[in-house]
Amino acid sequence: MHFTVNGQAREAEPDIRASLLDLLREHLALTGTKKGCDHGQCGACTVLVNGRRINSCLTLAVMHQDDDILTIEGLGSAENLHPLQAAFVKHDGFQCGYCTPGQICSAVGMLDEVAKGWPSHVSASLTEIEFSDEEISERMSGNLCRCSAYPNIVDAIRDVSEASA
Amino acid sequence: MKMFDYSRADSPEAAVAAGGRFIAGGTNLLDLMKLQIETPEKLVDISRLDLARIEERDDGGLTIGALVPNSDLAADARVIRGYPVLSRALLAGASGQLRNKATTGGNLLQRTRCYYFYDTAMPCNKRVPGSGCAAQGGFNRILAVLGTSAACIATHPSDMAVAMRALDATIVTLQPDGDRRRIPIGDFYRLPGDTPQIETVLAPGELITHVELPPPPRGRQLYRKVRDRASYAFALVSVAGIVSVEEGKIASAALAFGGLGPMPWRDARVEAALLGQAPSTAVFETAADALLAEAKGQGSNDFKIPLTRRVLIACLRDLTGNPA
């Protein structure tokens, strides 16, 4: 099967049972995407597929023929951080760091959803979104942080959302 | 995960002819396959079928393709305008990542999150028919108080389906013989009885292709969900309510409930207690009595009965403009 990962065309023949997460980590050695619960509960495996954030643990690799996949490795590099990566460093948005790639990929997808005008559970109006810390917390609830860096994660995301607004 | 055959269908007709288990979003099915609770021998990938559109019908209703992701359905301008209860229900469920993948058809077919269904070391009549029900006498805080049987007290986990039940949605299917079927959502789910493993009236190999919503209903709409944490948790109790008041009397009422029963719950007696009445707390209490007359707690979920009463009354107050 072929697909695009971080802008590069790739080929692989994974086991039919392999998740997209296992394809990325085991076949392509892209270990930035983390395996936490492997059941869609923690969000550590979040990647962007065709621009949308999903849990890569809960989707079969073989279902992604020709898809465009973006992982943490494709967002930025140590020399050239993505604005969210820089903001997480600035605001100390992590402790152990295990959830961080998922948090950042999720935040990229989340900010795009806000830009499209998608409402959330805490939006008072379904049509006029007032972006707030409460909105960030609700929209990021699929990403758990066992170190509980949540306040700093919210600060980092707010920083980037304000800069891009 | 057990090995399976995989094929990708290029049309709904080819999908039903393939004779396997359908996979689209996969967010629930793969979770269960990893635990070997689901062990399909053949998966038919329907995710690329042309069933991901939302279309207006001439009668003013909407036809929703079975593959429309939960995110897209919640954010659709026509859904927000005419069916806000559905947007609100979808947004109350799961996480952003899951809503981006989970589909309309798959959401209807979600399996219960009963702890004992998930724990393969424990008896569960839904997972292994005839093995028993460990939830009765076990940890049953999240489980059902209505529609249960001696075999099963599981709840249906969906929020979306609760709103669709209040909206009188119709589920359109394609059968393996090529015939189409239109199933009112009120006829779609089955009570557990002594066969809790059979959850819907779908025949093996029958494919949900669309969900139809009737024209937008009159009145106010709301979805209220009570759960153990503020986000990303299943309902202890949820209410989808659509109520209109005309000339001081309740002219129409549709109320469906999540977290209480083995299916999105709706009881005509609740609505009958409201229709034609001037809204008042006393009338709402009568409606709650009608809903909960046969409710049966299992110990640690007893609290759901008074909780549901309070939530229903609060919802009815909001839906009718806070009467005395």
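Odds and ends about this structure:
- Criterion (at pLDDT 95 or above, of a type in the set (S, T, Y) and in contact with a Pro (Cβ under 6 Å, 6 or more places away or on another chain)) met by exactly one of B:S95, B:S87, B:S131: B:S131
- Single residue of B:T27, B:T112 found to be within 27 Å of B:A166 (Cα to Cα), away from chain A (no Cβ under 12 Å) and polar (S, T, N, Q): B:T112
- Candidates B:I153, B:I142: the one that is open to solvent by less than 10 Å² (accessible area, probe 1.4 Å) and assigned to a loop (DSSP other than H, G, I, E, B) is B:I153.
- Selection from segment B:2-24 of residues that are over 18 Å from B:T39 (Cβ atoms), in a loop (DSSP other than H, G, I, E, B) and within 13 Å of chain A (Cβ to nearest Cβ): B:A9, B:D10, B:A24
- When A:I72 is tested against (1) away from every other protein chain (no Cβ under 11 Å); (2) surrounded by fewer than 21 Cβ atoms within 10 Å (Cβ to Cβ); (3) modelled with pLDDT of 95 or more; (4) under 26 Å from A:L20 (Cα atoms), only condition (2) is not met.
- B:G60 vs. criteria at positive phi, open to solvent by 30 Å² or more (accessible area, probe 1.4 Å) and in contact (Cβ under 8 Å) with a residue 24 or more places away in the chain: yes
- Some residue of segment B:34-44 being more than 11 Å from every other protein chain (Cβ to nearest Cβ), surrounded by 17 or more Cβ atoms within 10 Å (Cβ to Cβ) and part of a strand (DSSP E or B): yes
- Qualifying residue in segment A:124-144 (condition: more than 14 Å from every other protein chain (Cβ to nearest Cβ), touching a residue at least 40 places away in the same chain (Cβ under 8 Å) and either crowded, with 20+ Cβ neighbours inside 10 Å or part of a helix (DSSP H, G or I) (or both)): no
Quick grid of which residues meet (1) on the phi < 0 side of the Ramachandran plot; (2) touching a helix residue (DSSP H, G or I) at 6+ places or on another chain (Cβ under 6 Å):
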site	(1), (2)
B:G93	yes, no
B:Q97	yes, no
B:N100	yes, yes
B:L108	yes, yes
B:R113	yes, no
B:A121	yes, no
B:G130	no, no
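- If you go through segment B:282-307 and keep only what is farther than 13 Å from B:I142 by Cα and either open to solvent by less than 40 Å² (accessible area, probe 1.4 Å) or of a type in the set (K, R) (or both), you end up with B:V283, B:F284, B:A287, B:A288, B:A290, B:L291, B:L292, B:A295, B:K296.
- Residue within segment A:57-68 that is in contact (Cβ under 8 Å) with a residue 60 or more places away in the chain, at the interface with chain B (Cβ under 8 Å from one of its Cβ atoms) and buried (at least 17 other Cβ atoms within 10 Å of the Cβ) present: yes
- So B:A92, is it more than 9 Å from every other protein chain (Cβ to nearest Cβ) and touching a strand residue (DSSP E or B) at 6+ places or on another chain (Cβ under 7 Å): no
- For segment A:22-55, a residue qualifies if it is over 19 Å from B:R8 (Cβ atoms) and part of a helix (DSSP H, G or I), and the qualifying residues are A:D22, A:L24, A:R25, A:E26, A:H27.
- Every residue from segment A:86-123 that is among the basic types (K, R) and either facing chain B (nearest Cβ under 10 Å) or part of a loop (DSSP other than H, G, I, E, B) (or both): A:K116
The values are calculated or read from the model by the stated rules, or taken from the named source; none is laboratory data. Computed from a predicted structure; not experimentally measured. Counting neighbours? That spans all protein chains shown, and the Cβs are built from the backbone with ideal geometry, glycine included. Ligands, DNA and RNA are stripped out before the accessible areas are found, and what is left, the full protein with its side chains, is counted by its heavy atoms. Shrake-Rupley method; radii C 1.70, N 1.55, O 1.52, S 1.80 Å.
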